[in-house]
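Participant: Submitted below is the structure of interest, expressed as structure tokens.
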Amino acid sequence: MLLNTSDLTTDYNSRFAERLSKLNPEQRKAVESIEGPVLVLAGPGTGKTEIIALRIANIIKQTQLAADSILCLTFTDAAVNEMRSRLAGLIGPEASKVGIYTFHSFCVQVINEYPYHFSSIDSVSGIVNEITKYEIIRAIIASLPAGDPYKPVRSPYLHARDFLDVIDKLKQEQIDVKTLEQTISSLDDLIKDIRGELEALISTHAKSLKKR
């Protein structure tokens, strides 16, 4: 059975139009902008990845620019996979030609391709992959004392994947260690302020359970 390329193109165009129609006016303005830089300021979960994917697709559709001439940089491997998946749903196989990297992987590729420009760097063996990340987290957990809440006795590495997910999310949202420490400190202060209320609530809940 032969695939009709015109039908595939129509299908991708329909998906693009459908997803474009779900944007608000400001988001649509960012997507439909072809020339020059566009700055999108928005919090997590507000559709930034979708806007970038749609803008890339729109640039390819509206211009003669080749897909492999586009560079998209993000912070995590998960974001790279998400971006490529969304883009594939909009432009099909051409999505594989778009350069979508983490900042680290792109820099490593540049250094490896043009080593004569980086003579001061002895070698670049590659970025830390998922397995290495997991091994690092396991080593950190192993160093925790017995009884630590993040190191369950029966399953000491139970939270390893959760730790990696949190780190990836923090990197994606550009939250550095100092900002994280400040946030945790403010939460500690909040908990201290409402500790009495929390203890009373827990006590009341426990008593109500006993009556049942």
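Participant: With the structure loaded, tell me whether ILE141 is in contact (Cβ under 8 Å) with a residue 12 or more places away in the chain, in the same structural domain as THR9 (by TED's automatic domain parsing) and farther than 30 Å from LYS61 by Cβ or whether it fails that test.
Facilitator: The answer is no for ILE141.
Participant: Which fully enclosed helices (runs of 4 or more DSSP H) of region 1-95 have 1 or more residues being surrounded by 13 or more Cβ atoms within 10 Å (Cβ to Cβ), at pLDDT 90 or above and touching a strand residue (DSSP E or B) at 6+ places or on another chain (Cβ under 9 Å)?
Facilitator: Filter on region 1-95 gives 48-62, 77-91.
Participant: Here's a follow-up. Specify the residue that is nearest to THR49 (Cα to Cα); the eligible residues are those in region 172-212 that are modelled with pLDDT of 80 or more and either acidic (Asp, Glu) or touching a Ser or Thr at 6+ places or on another chain (Cβ under 7 Å) (or both).
Facilitator: ASP176
Participant: Now for a different question. Looking only at region 145-166, filter to residues that are loosely packed, with under 14 Cβ neighbours inside 10 Å and of a type in the set (Gly, Ala, Ser); which one of those is nearest to ALA78 (Cα to Cα)?
Facilitator: Checked region 145-166; the qualifying residue nearest to ALA78 (Cα to Cα) is SER155.
Participant: Quick one: in region 96-126, which of the residues that are within 21 Å of ILE175 (Cα to Cα) and among the polar types (S, T, N, Q) is modelled with the highest pLDDT?
Facilitator: Filtering first and then ranking leaves THR102.
Participant: A further question on this structure: Hey, any hits in region 127-144 for a residue that's out of contact with any helix residue (DSSP H, G or I) (no Cβ under 6 Å at 6 or more places or on another chain), surrounded by 11 or more Cβ atoms within 10 Å (Cβ to Cβ), at pLDDT 85 or above and not in a helix (DSSP H, G or I)?
Facilitator: Yes, that holds for at least one residue.
Participant: Being part of a loop (DSSP other than H, G, I, E, B) and more than 25 Å from LEU41 (Cβ to Cβ) narrows it down to one of ASP189, ASP148, ASP162, ASP193, so name that one.
Facilitator: ASP148
The values are calculated or read from the model by the stated rules, or taken from the named source; none is laboratory data. Computed from a prediction, not measured in an experiment: that's the story for all the values here. Virtual Cβ from ideal backbone geometry, glycine too; neighbours counted across all protein chains shown.
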